[in-house]
Amino acid sequence: MPSEAPTAGPYDARRKLHPATVLFAALDAARAFFVPALLAAFGIGGGTGTTGLWLVVLVAVPSVLSAAGKYLTFRYRLAPDELIIDSGVIARRHRVIPLRRLQNIDVKQTAVERLVGVAELRVETASGGRETEAVLNVLAADDAEALRSELIARRHRLTGARDADVDAASPADAERYAAPGVPLVRLAPRDLVIAGATANEAGLLAAGLASLLELVGELPIQLPEPDVDPSALTTGRALMLAAAAVLALILLFVVVGWLVSIAGTLVRYWGFGLERAGDELRKEYGLLARHTGSVPLERVQAVRLEESLLRRAFGLAALKIETAGLRLGRGAGGRRGGAEAFVPITRTAAAPELVAAVLPEARGVRLAGLERVHPRARRRAAVRYSLPILLGAAGLAALVDPGWLLLLGLLPLAWLLAEAHYRSLGWARRPGLLLARAGVLTRVTWIVPLRKLQTLHVRATPFQRRHGLATLIADTAAGGADVARVIDLDRAVAARLLRELNDEARAIRAYAGSSLASRSSTASTSSEVLR
Amino acid sequence: MSDPGVVPAGTAAGRERDDAELRRLHPRVVRAWRVTGLLWLPIVGAGVLALATLLADEVMPWWLAPAEAVALGAALLLALVGPPLRYRAWRFAVRQTDVFLRRGVLVHVTSIVPHARIQHVDTQRGPLARWLGLADLVLFTAGTRGAVLTIPGLAAAEAEALRDRLAALAGLDDAV
């Protein structure tokens, strides 16, 4: 319940950013100005020295100017229940963010920022998009932390969220919320090495490096030309040598990619700590750039259990939470949409407990033992995986060379993949939850609390209809690109699920609504917050 | 409105029974869709011409005329035959606690939008819709994939009435 407004504090007046903003904003701007400046510098021409000089000037001057402009014009302040930001040099923008809508409040520090003693404060609301977001870049590190605590305290005061220990809102709230909570996960470097070693991304890195080598071929560096007689290439031996060379190269990339993945994970998640403090989740991690983030449990829309190929083999998994609101790619490693790393790596057996820390419905719930989808889905998968090969082989054989029919030898592989795809599909209903699983390379299990369900859909393409199948989609307010879906259900099962899930979600909403009403009419005492 | 669920859903009998209780769009929307479909004809024609100039050596290759005929013919067919199919596929109902939608000719989609999850409701009227006395009803939710659902081609008055009714029914559950 909103209580008395806080007394006049340091945040009531309009404040400026830290002077170091000029430096960091200039560096940011330099990135934007670099390419145009490069083009302009080359356009002006006149030798490498002059071009270089022009480049520096053309990048530095606008960057510093825009950064100085930002520093001189950016103002922020806290009204009793709003964060107000005035920014913009040419086009002035006045942005008001209701504090009760704040979802993620993060303080981020890159290595350089840490050296200088500043940090970036970033707040997001549930609505996502650029209009309801604020970035204070940069503040003095202490100021950033203090402001963060203040924002958290005020948000709690306004949303009436209760911690079992807190009876009434008080000025000590800010302190209390800075206090440590219940630790959930702490990852040692060894865990991070395992995480990096088992990530599917390791393979992607290998591919990335391979494409990088292609680029190298474009640079004006003279690589030694292999001494091969072109006519000899048609002989079997030369072909074998070439194949061996390619294989060796692939192996090299895989190993390097693997090592890079491990190193990357170590740097990104160094000292990972996750704790639950009252009704929010707090985590911190990072070696070069230390991230601290807090997510109110209220904002968690769903949890995703992700098991890459290797992790599945070792009984490991990663957990992600989907929160409402969009996360822009910039900052803590390209996170897409509203998906956040919850626990980078854990034993799959320990996952249910961690999920229960975020979703009370999941307490004591089995996350395994999902039902298979209808066996007809096997047929559909087989067709889907075989068709490209059949068409490709037939087309290429007809148009290019009959030898391409050998592609048909890949069909057994396609059938294996189809079977793996079919087995990866699964779903289950638990009280208040929907579990949906799919994915061959990375098996993703969505755990969706029905109280967060937005809309439900059943979708059937003509191909699915042919097999009597349909896909159930459970939409939540998560900002991510992906959505929880059960693929290739039997059509009647899908229709039944649609109805039943809708009914259950409605019942849950009704219950939550009625208990909310009864709570607001009685005197506020600490009570079990219904999630 | 009772829940269309006593007869097993997904069966032919089920769909028939469902359909009897669900509302349709306004028939004039077929005309609106046909007009927009026909507007595509010159674009398709220009597109084929552009393709021809890119691919062929001479300005007017021999295959331009038949290609145009095929493309324009297909576009015309789609413009004329598509709309009534679309119209027949569209069904909706404003039930006690949610809005039920069914649509799609190639890809069938059935959706349920709880009133409590509707953030706000808009009516949208393009110039064509205005001329024909139609309007679209747009439901905004906080979801990601199914976030914005549009019921096209309602009679303008009906759209307004539905919007008011949904706005009243929509929960104040804006906390996500």
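The values are calculated or read from the model by the stated rules, or taken from the named source; none is laboratory data. The shown structure was predicted, so the numbers you read here are calculated from the model rather than taken from an experiment. Because the Cβ atoms are built from the backbone with ideal geometry, glycine has one as well, and the counts that use them run over all protein chains shown. Protein only, heavy atoms only, side chains kept; ligands, DNA and RNA dropped before computing areas. Shrake-Rupley method; radii C 1.70, N 1.55, O 1.52, S 1.80 Å.
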Practice prompt. Could you grab me the full set of residues in the range A:389-407 that are closer than 30 Å to A:Arg485 by Cβ and either of a type in the set (S, T, N, Q) or open to solvent by 80 Å² or more (accessible area, probe 1.4 Å) (or both)?
Written response: A:Leu391
Worksheet item: Just checking, which of A:Arg429, A:Arg465 is open to solvent by 30 Å² or more (accessible area, probe 1.4 Å) and either within 20 Å of the chain's Cα centre (by Cα) or farther than 28 Å from A:Ala356 by Cα (or both)?
Response: A:Arg465
Worksheet entry | A:Gly369 outside any helix (DSSP H, G or I), open to solvent by 60 Å² or more (accessible area, probe 1.4 Å) and among the small types (Gly, Ala, Ser) | no
Discussion item. Quick check on my filter: what residues within the range A:454-479 are more than 9 Å from chain B (Cβ to nearest Cβ) and either charged (D, E, K, R) or without any contact (Cβ under 8 Å) to a residue 60 or more places away in the chain (or both)?
Written reply: A:Arg466, A:Thr471, A:Leu472, A:Ala474
Discussion item. Among the numbered criteria (1) more than 14 Å from every other protein chain (Cβ to nearest Cβ); (2) open to solvent by less than 20 Å² (accessible area, probe 1.4 Å); (3) outside any strand (DSSP E or B), which one does A:Thr445 miss?
Written reply: (3)
Discussion item. Residues to consider are A:Arg437, A:Arg451; find the one that is more than 8 Å from chain B (Cβ to nearest Cβ), in contact with a helix residue (DSSP H, G or I) (Cβ under 9 Å, 6 or more places away or on another chain), in contact (Cβ under 8 Å) with a residue 60 or more places away in the chain and assigned to a strand (DSSP E or B).
Written reply: A:Arg437
Practice prompt. Any residue in the range A:238-267 that's over 24 Å from A:Thr198 (Cβ atoms): show its pairings with residues that are part of a helix (DSSP H, G or I) at Cβ separation under 9 Å, as long as the two are six or more apart or on different chains.
Written response: A:Ala238/A:Ala232; A:Leu239/A:Leu233; A:Ala242/A:Leu233
Worksheet entry | Test result for A:Ile152, modelled with pLDDT of 85 or more, assigned to a helix (DSSP H, G or I) and open to solvent by 40 Å² or more (accessible area, probe 1.4 Å) | no
Response to the item:
The condition from (1) open to solvent by 60 Å² or more (accessible area, probe 1.4 Å); (2) in contact (Cβ under 8 Å) with a residue 60 or more places away in the chain; (3) not aliphatic (A, V, I, L, M) that A:Phe342 misses is numbered (1)
Item to complete: Determine whether B:Arg125 is basic (Lys, Arg), touching a strand residue (DSSP E or B) at 6+ places or on another chain (Cβ under 7 Å) and open to solvent by 50 Å² or more (accessible area, probe 1.4 Å).
Response: yes
Worksheet item: How many residues are within 9 Å of chain B (Cβ to nearest Cβ), more than 23 Å from the chain's Cα centre (by Cα) and open to solvent by less than 50 Å² (accessible area, probe 1.4 Å) when one looks only at the range A:480-491?
Response: 1
Worksheet item: If we only count strands (runs of 3 or more DSSP E) wholly inside the range A:53-148, which ones have 3 or more residues that are within 23 Å of the chain's Cα centre (by Cα) and at pLDDT 85 or above?
Response: A:102-109, A:118-125, A:133-140
Worksheet item: Within the range A:276-286, is even one residue under 17 Å from A:Ile345 (Cα atoms), in a loop (DSSP other than H, G, I, E, B) and more than 19 Å from the chain's Cα centre (by Cα)?
Response: no
Worksheet item: Of A:Val440, A:Val355, A:Val365, A:Val448, which residue is out of contact with any Cys (no Cβ under 8 Å at 6 or more places or on another chain) and modelled with pLDDT under 85?
Response: A:Val365
Item to complete: Report the residue count in the range B:85-99 for those that are away from chain A (no Cβ under 11 Å) and over 13 Å from the mean Cα position of the chain (by Cα).
Response: 2
Worksheet entry | Residues that are aliphatic (A, V, I, L, M), at pLDDT 55 or above and open to solvent by less than 40 Å² (accessible area, probe 1.4 Å), drawn from the range B:1-43 | B:Leu22, B:Leu25, B:Val29, B:Val30, B:Ala32, B:Leu41
Worksheet item: Can you pull out the residues in the range A:298-315 that are buried (at least 18 other Cβ atoms within 10 Å of the Cβ), over 17 Å from the mean Cα position of the chain (by Cα) and modelled with pLDDT of 85 or more?
Response: A:Arg311
Worksheet item: Take the residues of the range B:100-114 that are more than 7 Å from chain A (Cβ to nearest Cβ) and not in a strand (DSSP E or B): which is nearest to A:Glu504 (Cα to Cα)?
Response: B:Gly104
Discussion item. Quick check on the range B:119-142: of everything there that is part of a strand (DSSP E or B) and at pLDDT 80 or above, which residue is nearest to the other protein chains (Cβ to nearest Cβ)?
Written reply: B:Leu139
Practice prompt. Would you be able to tell me the number of residues in the range B:110-136 that are hydroxyl-bearing (Ser, Thr, Tyr) and in contact (Cβ under 8 Å) with a residue 12 or more places away in the chain?
Written response: 2
Item to complete: Identify the single condition in (1) outside any helix (DSSP H, G or I); (2) at the interface with chain B (Cβ under 10 Å from one of its Cβ atoms); (3) at pLDDT below 85 that A:Ala512 does not satisfy, given that it satisfies every other one.
Response: (1)
